[in-house]
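The values are calculated or read from the model by the stated rules, or taken from the named source; none is laboratory data. Since we're looking at a predicted model, the values are computed, not measured. Glycine also receives a Cβ, built like all others from the backbone with ideal geometry; neighbour counts cover every protein chain displayed.
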Amino acid sequence: MMTMFLGGVMPSVAVADTAASAPADTSMQDTFGRDTPRGTVQGLLKALAQNDSELASNYLDLKSKKNAEKVVGEIKTALDTGGRIANELQISNEPSGNLNDKLAPTLDKVGEFSLSNPASTNKKADILVERVKLSDGTQVWLVSSRTLTALQQVESSLQPTFVEKYVPEDLVNQEIKGYSIGHILAVIVVFVITYLLSVMISWVLYALFRVVYQATHRKKLDDGTVRSIPIDKRVIVPMAMIFTGIIIQELMLVVGINLVVRNVVERMAEILSWVASVWLFLRILDIIFTPLERYASENNHPERLSVLNLMRKVIKALLLILATIVILGNLGFDLTTGLTALGIGGLALALGAQKTIENLVGSVSLVADQPVSVGDYCVFGSQEGTVEDIGIRSTRLRTLDRTLVTIPNGSFSSMSIENYTKRDMFHFNQLFYISRDSDADKLREFIEEVQIYIVNHPNTNSNWNQVRISATQQDAYIIEVRTYFEVKGVMEFYEKQTSMIIRIAEIMNEVGLKNALPTSQIKVENQQDLQQLETQKLDS
């Protein structure tokens, strides 16, 4: 029957004083702090640390107080040699307990212990707390009576631990505020051994990574040197600290450190692991971002450099905030109020910095999409100029009047931007006015000669080469010449454009055509106006 219970099968008959599945009455607070599973566990550990059997018995579901001291002693021995209490953050701090653990609503799992009894078919058993109703109607959480029975059965088959064998009994029995000096000294020895072992493991893993990387990346650089590995020795210490935090928790069980000391050390080991993990991630971030920033700096990409610096700082800040929250939780602080205040403050900060965040997102969009780069000439809105700098908050452009325009990146990224520097060809489109009284054959010859000239020009392509009469006026034929130049920049285009216009003018003279000059007409209304006009001509 006991094995079935520990495996998760609940008996169908409920104990008389066990609370129903209805929500706990939270109108009254228990003086022992047993309103929640976490409060019960904290109170029990504190009582065991003080060796106060009477106080510890208040956290156990005992049917009788007559043998309370004996039961507490047996439970303490069993927990010291093979028990493990869950991290406080994993234990529910709600009066109703954890309703998502697939257990009965009145049960919560808070840890586990080893079953060393050869008759037992299971190696591990759960430490359960149960919500019960006291005689005064108050509902509290107590260590389940069934768990107590299982723990008492383990005590009879326990073997002496390493601490009991090799640490002097006087040191084991001597205590400081409930913590055994012998067990504290044993923890120090275990920590030193674990750290040295973790350093060795870290060096071995680093050496293996170095060998594998060099074997798979034999390509040499231009100067003849072999490519260096991307991860340096700075990761060894944080890796060793992570391994130490993990290994020491298991090693303390093997050695036989008692539950009171072990619970404190495990909490410190969790903190050590988180600190080391953040330290390792910060090292890796530096290893990743340093070459990227160097590349952006060497290739004259200040906008990328700014965004990379910002990304590094944001990621580091998020890691530090996460580590701080977890560490404070492991130290026993209630973070519910703090996180609520942090969320409200963060919302207020986000609303106040809305424009700043918009500009930040705009700068990331400019770097990601790259509609413009530093040195590009572009038209934006009603202005045009050369991009001089793309910063985190704004972009600066130098206009044709040599003034400096600063545009917030949030606005600049949403503008319609025409980038002249990115064009692959330059459009030549010019109009020539030929006199209306020109000979038709000469006009036809002129069009053919110009067509041959632009087609055979070394800098034009076949995308669009056309010479045509686009329109006529009273005094002129309008000849349109269109083509595309394949040149490197706008200055070279202007040079080729000037040469082509001059050459077309020369062809016009060779054929015998003349430019159409603008004509003016004077309408004479009467004889007096005609006489005034003739007088003006004579005077001139």
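Going residue by residue through the range 206-224, is there one that turns out to be touching a helix residue (DSSP H, G or I) at 6+ places or on another chain (Cβ under 9 Å) and modelled with pLDDT under 85? No - not one qualifying residue is present in the range 206-224.
When the range 163-200 is examined, which residues are found to be among the aromatic types (F, W, Y) and in a helix (DSSP H, G or I)?
The first filter runs over the range 163-200 and keeps only residues among the aromatic types (F, W, Y), leaving 166, 179, 191, 195.
Passing the criteria: Y166, F191, Y195.
Return yes when A505 is modelled with pLDDT under 95, in a helix (DSSP H, G or I) and either of a type in the set (G, A, S) or loosely packed, with under 13 Cβ neighbours inside 10 Å (or both) and no when it is not. Step through it out loud before you land on a result.
Numbers: modelled with pLDDT under 95: yes; in a helix (DSSP H, G or I): yes; either of a type in the set (G, A, S) or loosely packed, with under 13 Cβ neighbours inside 10 Å (or both): yes.
Taking the combined requirement at face value, the residue satisfies it.
Just one of the listed residues (R402, R444) is out of contact with any Gly (no Cβ under 7 Å at 6 or more places or on another chain), in a helix (DSSP H, G or I) and free of Cβ contacts under 8 Å to residues at least 12 places away in the same chain, and it is R444.
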